[in-house]
Amino acid sequence: MARKESDLLLAIAELERERGIDRETLLEAVEQALVSAYRRNYGSDEEVVARIDRETGEPRIYVRKTVAEPVEDPRTQLSLEEARRVRIDAQPGEVVDVPVQVANLGRIAAQTAKQVVVQRIREAERGMVYEEFASREGDIVTGIVERIQGRHVFIDLGKTEAVLPPQEQIPGEQFRTSQRVKVYIVEVKMTTKGPQVVISRTHPGLLKRLFELEIPEVHDGLVEIKAIAREAGARSKVAVAARDVHIDPVGACVGPKHARISNIVQELGGEKVDVIEWSADPAEFVANALRPAKASRVEIQEATKTARVIVPDYQLSLAIGKAGQNARLAAKLTGWRIDIRSESQVAEEAAGAAPLPPPSFAPTGAADRSQEG
């Protein structure tokens, strides 16, 4: 029996080394297993506790009772005389743990503890995985495509598996098994089946983290990302500002021969990324956001938070963009409603011609925006 007890402690020590689970957690799991086994084998409705000697591994079963004179309920109480056989200084009203002699306790422990310990190990591992990934919400991780089922892609993140659902995939993006892919951790939930990691390839946060990975000035805080507007798979706009007047924030992000931004574009499957300089002046910020189009002037209407943008005639289609994409992203990036007019339209209105309703773009959807000031 002593050998089995020693084996128990040796096994727990090995599990602690291999799985990184606290020794005390495992010992408590075995103690609970012994209580369950005792109740199952002896049908006891008494308050039962189990203890394992931390030095020898010897298991013990106790029934917890209250010292009473007289004894009214033998299941929960024992006399002062009986109590002092267990503990010489016992007093009425105190709780005493009375040892119970159980035949083949070591064998019972061996039969039942293993299953419960395995379950506890799973629970502890799930808890560790949850804590690790919960602390990484809003971060970027690299995973490996494990399998593809229908439109769902299962990504191996090392200690757990995450599902990339269709709505979080970049439109048109193709995956293959064993492919390494960067994903953004949106949320981590604890479910009955363990931690569920919600990941995305379309979230603006993915673009922000890619900037931090690829651009040292962003990583070091010399260049700050002020806002991001993204239509995943098509086009994004990123507003940046330098905290050092000697740094060109746009140039730092684009990199020599567009090398830095090209790495980001490649990771996003060819998604076009416009880097524009942020400004505390709304008119200047809106004008920058409409690039590559060049505005002649921007008129700000604070009351309606509308920016009236006048552009040269040949720049009108560029300012609006294909299907309105450029202006739509600019509105989302800046948070201003943008009305765009060509110079000839403004001239016709000034001459008394009936004005046509200007193309208007509202900042629908939430941009990933830092506190602007």
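We did not get these values from a lab; they are worked out from the coordinates using the rules stated. Values in this document were obtained by computation on a predicted structure and should not be read as measured data. Here Cβ is always computed from backbone atoms with ideal geometry, including for glycine, and neighbour counts include all displayed protein chains.
Please sort 156-168, 215-227 by packing, taking for each peptide the average over its residues of neighbouring beta carbons within 10 angstrom, highest first.
Values: 156-168: 15.5, 215-227: 18.5.
So the order, starting with the most tightly packed, is 215-227, 156-168.
Please give the calculated 222 nm ellipticity per residue for the chain, where each DSSP H segment of at least 4 residues contributes -39500 (n - 2.57) and the sum is spread over every residue; nearest 500 deg cm²/dmol?
Here the helix-only value at 222 nm equals -11000 deg cm²/dmol.
Roughly what would the spin-label model give for residue 45 and residue 317, points 7 Å off Cα along C-beta, in nm?
The answer from the label model is 8.7 nm.
Cross-link list 159/208; 226/257; 237/332; 272/305; 159/182: which exceed 19 angstrom alpha carbon to alpha carbon?
Working: 159/208 25 Å; 226/257 24 Å; 237/332 9 Å; 272/305 28 Å; 159/182 16 Å.
Table pairs above 19 Å Cα-Cα are 159/208; 226/257; 272/305.
Over all alpha-carbon pairs in region 211-270, figure out the percentage whose distance exceeds 20 Å. Show your work: numbers first, answer last.
Numbers: 369 of 1770 pairs.
The proportion of pairs with Cα distances above 20 Å equals 21 percent.
At a 10 angstrom cut-off on C-beta neighbours, averaged per residue, how do the peptides 146-154, 121-129 rank from highest to lowest?
Details: 146-154: 13.6, 121-129: 15.9.
Highest-to-lowest ranking by the protection proxy: 121-129, 146-154.
Would you give the gap between the C-alpha center of region 127-182 and the C-alpha center of region 254-268, rounded to a whole Å?
23
Helix 2-19 against the longest principal axis of the chain: what's the angle in degrees, Cα atoms only, rounded to the nearest 10?
It works out to around 10 degrees.
Under a point spin-label approximation (7 Å from Cα along Cα-to-Cβ), what is the residue 134-residue 88 distance to one decimal in nm?
A separation of 4.9 nm, rounded to one decimal place.
What does the charge count around residue 341 come to, taking other residues whose C-beta lies under 11 Å from its C-beta (Lys +1, Arg +1, Asp -1, Glu -1)?
Numbers: positive: 297, 308; negative: 299, 313, 339, 343, 348, 349.
Result for the neighbourhood of residue 341: -4.
Within region 228-254, whose backbone N sits under 20 Å from a point 7 Å along Cα→Cβ of residue 151?
It comes to 231-235, nothing else.
Please give me, ordered by residue number, the trypsin sites (Lys or Arg not before Pro) of region 270-355 that lie in loop per DSSP and have at most 13 other Cβ atoms within 10 Å. Working shown, then result.
On the way: sites: 272, 294, 297, 305, 308, 322, 328, 332, 337, 341; in loops: 294, 305.
Listed in order of number, the matching sites are 294.
Which percent, nearest 5, of DSSP beta bridges in the chain are antiparallel?
On the way: 49 of 64 bridges.
Antiparallel bridges make up about 75 percent of those DSSP assigns within the chain.
How big, in percent, is the set of alpha carbon pairs in the chain lying more than 31 Å apart? Don't jump to the answer; show the numbers that get you there.
Details: 40881 of 69378 pairs.
When all Cα pairs of the chain are counted, 59 percent exceed 31 Å.
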